[in-house]
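Have a look at the structure below, then the notes.
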Amino acid sequence: MQELRDKYIQAIGSAADEAALEELRVQAVGKKGEISLKMRELGKMTPEERQTAGPALNALKDEINSALAAKKTALADAALDERLQAEWLDVTLPGRDRRVGSIHPVSQVWEECTAIFADMGFAVAEGPQVEDDWYNFDALNIPGHHPARAEMDTFYMHRAAGDDRPPHVLRTHTSPVQIRAMQAQGAPIRVIAPGRVYRADYDQTHTPMFPQVEGLAIDRDISMANLKWVLEEFFSAYFGTKVKTRFRASHFPFTEPSAEVDIQCSWEGGTVKVGEGDDWLEVLGSGMVHPKVLEAAGVDPSQWQGFAFGMGIDRIAMLKYGIPDLRAFFDSDLRWLRHYGFSALQVPTLRGGI
Ligand code: 2U9
């Protein structure tokens, strides 16, 4: 019995892994294990022999089982230590920075515009990017032969042969959205129309698709003075500093009178600083909505009047975030986003209400 005990206790002690240990368990106390077989012989013994052999065998079986269990734990601990050694991690090492995306600057500026104009009571209007040329041109007082049509280098989607309805166009401005908004809700109305617009034009400073926002405010007695106030409030909130504007007389088919609007700025080391200074930077076009446009939208120009404006979002994004090259907006490689410090969205608030 003693050598049986020593044989298994030594073998268990030097078992290399759990598989070897399981093998030993089967050999020793398994169904056909050596000790199990010995226990089956108890039946053939005399009561005196069974008196000693029985307890001795049970004690041996228990000792073998507890040696097996202890060895199993020791092997498991050793395996864990080994893994811990192998997977030792210097927790003081800086973590791998998870590249968090950020909102594209154009989307961010659209959000900022929406928030600032919402503070001045402007709702957001949206509409189809594929327009028919009545909404994109005629309603905006740009008749068939008007040079603006050509100027706006339009993507036309000609109708099928024999289909003489006006062609579809990719909208060249978001103005048709305001026409639809006026048709839908009449006056008074105060909306901005942010969105993508399309012009067949691609060079250093133009891209076939570019983001725009236009605004419209129609009521009983809205004037150019209101326009100037609204634009100065917008740019001051947008640039986070008091911004003065300069109006220069201009002409657009859909506004009369019309003005191109500049914001005050200065140049320091080749970069523009918006706000104070003796320089001006053109940022948008605007004017009092032409009576013919109001009529086209079903609004009576003898009762209602108001202003409209339009600006390129990429232009004011480049100004605010100091991005030199427009096209960087389009081959979006995240690195330049980070380079220009784009992080989580902050919504600027207005200093004063209308
Ligand atoms: C309606 C009536 C009038 C919107 C206007 C401009 C002048 C303008 C350009 C600025 C830069 C387009 O993005 S840009 O290239 N826009 O100069 N837009 S007035 O006039 C409207 C709009 C809607 C019903």
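The values are calculated or read from the model by the stated rules, or taken from the named source; none is laboratory data. A quick note: this is a predicted structure, and the numbers were derived from the prediction, not measured. Don't worry about glycine lacking a Cβ; one is built from the backbone with ideal geometry, like all the others, and counts go over all protein chains shown. The protein model used for the area step is the full one, side chains on, heavy atoms only, and it has no ligands, DNA or RNA in it. Shrake-Rupley method; radii C 1.70, N 1.55, O 1.52, S 1.80 Å.
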**Request:** Calculate, axis by axis, the spread of Cα positions in region 15-148 along the three principal axes, and write the results as whole Å, longest axis first.
**Result:** 124, 39, 30
**Item:** Rg followed by Dmax, in Å, when the chain is reduced to its Cα trace
**Value:** 40.8, 127
**Request:** Extending each Cα 7 Å along its Cβ direction at residue 62 and residue 303, get the distance between those two points in nm, one decimal.
**Result:** 10.3 nm
**Request:** Give me the accessible area per residue for region 143-191, probe 1.4 Å, as a whole number in Å².
**Result:** 52 Å²
**Request:** Given the peptides 63-69, 136-142, 98-104, arrange them by the average over their residues of other C-beta atoms within 10 Å, most packed first.
**Result:** 136-142, 63-69, 98-104
**Asked** In degrees from 0 to 90, rounded to the nearest 10, what is the angle of the helix 224-239 Cα long axis to the longest principal axis of the chain?
**Response** 30 degrees
**Fill in**
P(r) over all Cα-Cα pairs of region 236-324, 10 Å bins from 0 to the longest distance, whole percent per bin, short to long, reads 16, 39, 26, 15, 4, 0
**Fill in**
With a 1.4 angstrom probe the carbon and sulfur portion of accessible area for the chain, in percent, totals 55 percent
**Message:** Run the helix sum for the chain: -39,500 (n - 2.57) per DSSP H stretch of 4+ residues, divided by residue count, reported at 222 nm to the nearest 500 deg cm²/dmol.
**Reply:** -12500 deg cm²/dmol
**Message:** Per residue, how much accessible surface does region 25-127 expose to a 1.4 Å probe? Answer in Å², no decimals.
**Reply:** 67 Å²
**Prompt:** Can you give the convex hull volume of the alpha carbon atoms of region 196-273 per residue, in Å³?
**Reply:** 145 Å³
**Whichever aspartates and glutamates have a C-alpha closer than 16 Å to that of residue 31, once near sequence neighbours (fewer than 8 apart) are set aside** = 22, 23, 41, 62
**Prompt:** Taking the Cα centre of each part, how many Å lie between region 267-286 and region 154-206?
**Reply:** 30 Å
**Prompt:** Using 0.36 nm per residue, how much length does the chain from residue 256 to residue 221 gain when fully extended, once their Cα-Cα distance is taken away?
**Reply:** 11.1 nm
**Asked** Given a cut-off of under 8 Å on Cα pairs at least six residues apart, what relative contact order in percent is computed for the chain?
**Response** 16 percent
**Complete:** For region 219-269, the per residue accessible area (1.4 Å probe, Å²) is 46 Å²
**Asked** Relative to the longest principal axis of the chain, what angle (0 to 90°, nearest 10) does the C-alpha long axis of helix 18-29 take?
**Response** 30 degrees
**Prompt:** So how far apart, in nm, are the two label points at residue 3 and residue 97 if each is 7 Å from Cα heading toward Cβ?
**Reply:** 7.2 nm
